[in-house]
Amino acid sequence: MTGLSRQTPASFKQGGLSRIQEKNRSLILEAALGEFSRKGFSGATVERIAAEAGMSKSNLLYYFSSKEAIYEATLAHILEVWLAPLKTLDPLGDPADELAAYIRQKIELSAKFPEASRLFANEVMQGAPQILPVLETDLKRLVMEKCRVIEDWIEAGRMRPVDPVHLIFTIWATTQHYADFSVQIRALTGKDLSDPDFQRETEASVTALILNGAGLKWPAESDAGA
């Protein structure tokens, strides 16, 4: 798994770090993601993370004081990247276009960063011991904000009445399934999201199922062109 560090939104950048320090911090987070996703928190070691990042343990500990601190930073990093697409849901946009774009971005994240999805899922299934406060505050505020966007679309008659929270949960569940259960998907279909054709097929099917269920036309089209 590579490249997640380069997806970090500006809000996650650490103030006061030099370019070299930012690069080293990103290398550590990327190495930590691979180690934690393979070994879990208890099985992961700072030594292996440092080796994978191409630096000494003492150099790594300059950036993070402990394995716990690395793990917390890795999870926070994943959450920030994973939620970035939801933040772009535009209340002034067309509901079909906005939700389709959100689904597409979520599937792209599952395709590019499956280890990140699996690590986050494992953390939550264990009771979210490291990130529960974030789930109960920042994540909850964001979800409630976007639920109000969906409610406004419903009140304006632009989509079928559905529970906004469950709509968001459904998008999360369907899109991240292709990362979290990729072994099962490959066993059943012989394919996964690394196959561009399968990724396009997945996007089209998931988008049609969710949008049609919400009373939205997909592919989005005007009545005149229907």
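In whole Hz and in residue order, list the ³J(HN,Hα) couplings for segment 176-191 that follow from phi through the Karplus curve 6.51 cos²θ - 1.76 cosθ + 1.60, θ = phi - 60°; x for Gly and Pro.
Running phi through 6.51 cos²θ - 1.76 cosθ + 1.60 with θ = phi - 60° gives 6, 4, 6, 8, 5, 10, 4, 4, 5, 5, 5, 5, 8, 10, x, 9 Hz.
Going through the cross-link list Lys23/Lys67; Lys67/Lys106; Lys39/Lys112; Lys106/Lys217; Lys87/Lys191; Lys112/Lys217, which pairs have a Cα-Cα distance over 25 Å in this structure?
Exceeds cut-off: Lys67/Lys106; Lys87/Lys191; Lys112/Lys217.
Report the Cα centroid-to-centroid distance between segment 169-206 and segment 36-99 in angstrom, as an integer.
Comparing the Cα centres of segment 169-206 and segment 36-99, I get a distance of 22 Å.
I'd like the Karplus ³J(HN,Hα) series for segment 117-126: coefficients 6.51, -1.76, 1.60, θ = phi - 60°, whole numbers in Hz, and an x wherever there's a Gly or Pro.
Values, residue by residue: 4, 5, 5, 5, 4, 4, 4, 5, 5, 8 Hz.
For Ile131, what residues show an amide H to amide H distance below 5 Å, using hydrogens built from the backbone and excluding near sequence neighbours?
Under 5 Å from the amide H of Ile131 lies no amide H from a residue far enough along the sequence or on another chain.
How big is the equivalent ellipsoid of segment 17-65 along its three axes, where each semi-axis is √(5λ) from the Cα gyration tensor, reported in whole Å from largest to smallest?
Over the Cα atoms of segment 17-65, the ellipsoid semi-axes are 19, 11, 8 Å.
Can you compute the equivalent ellipsoid semi-axes for the chain, i.e. the square root of 5 times each eigenvalue of the Cα gyration tensor, sorted largest first and rounded to whole Å?
Three semi-axes, in Å: 35, 20, 15.
How big is the C-alpha Rg of segment 27-116 next to the rule-of-thumb value 2.2 N^0.38 Å, as a ratio?
Taking N as the residue count of segment 27-116, the ratio is 1.37.
What list of ³J(HN,Hα) values in whole Hz, one per residue of segment 132-147 in order, does the Karplus curve 6.51 cos²θ - 1.76 cosθ + 1.60 (θ = phi - 60°) give from phi, with Gly and Pro shown as x?
Calculated HN-Hα couplings, in order: 4, x, 5, 4, 7, 10, 4, 5, 4, 4, 5, 4, 5, 4, 6, 5 Hz.
Among Ala204, Ala32, Ala179, whose mean-square fluctuation peaks in a Gaussian network model of the chain (Cα, cutoff 10 Å)?
Highest fluctuation among the options: Ala204.
How much of Arg186 can a 1.4 Å solvent probe reach, expressed as accessible area in Å² and rounded to 10?
Per-residue accessible area (Arg186): approximately 100 Å².
Please compute the length gained on full extension between Gln105 and Cys147, using 0.36 nm multiplied by the number of residues separating them and subtracting their Cα-Cα distance.
Between Gln105 and Cys147, full extension yields an extra 13.3 nm.
Of His177, His166, which has the most accessible area and how do the rest follow, probe 1.4 Å?
His166, His177
Considering only Gly34, Gly127, Gly213, give the residue with the highest GNM mean-square fluctuation for the chain, with springs between Cα atoms whenever their separation is below 10 Å.
So, out of Gly34, Gly127, Gly213, the one fluctuating most is Gly127.
The values are calculated or read from the model by the stated rules, or taken from the named source; none is laboratory data. The structure displayed is predicted, hence computed values, not measured ones. Keep in mind that these areas ignore ligands, DNA and RNA; they rest on the heavy atoms of the full protein, side chains included. Shrake-Rupley method; radii C 1.70, N 1.55, O 1.52, S 1.80 Å.
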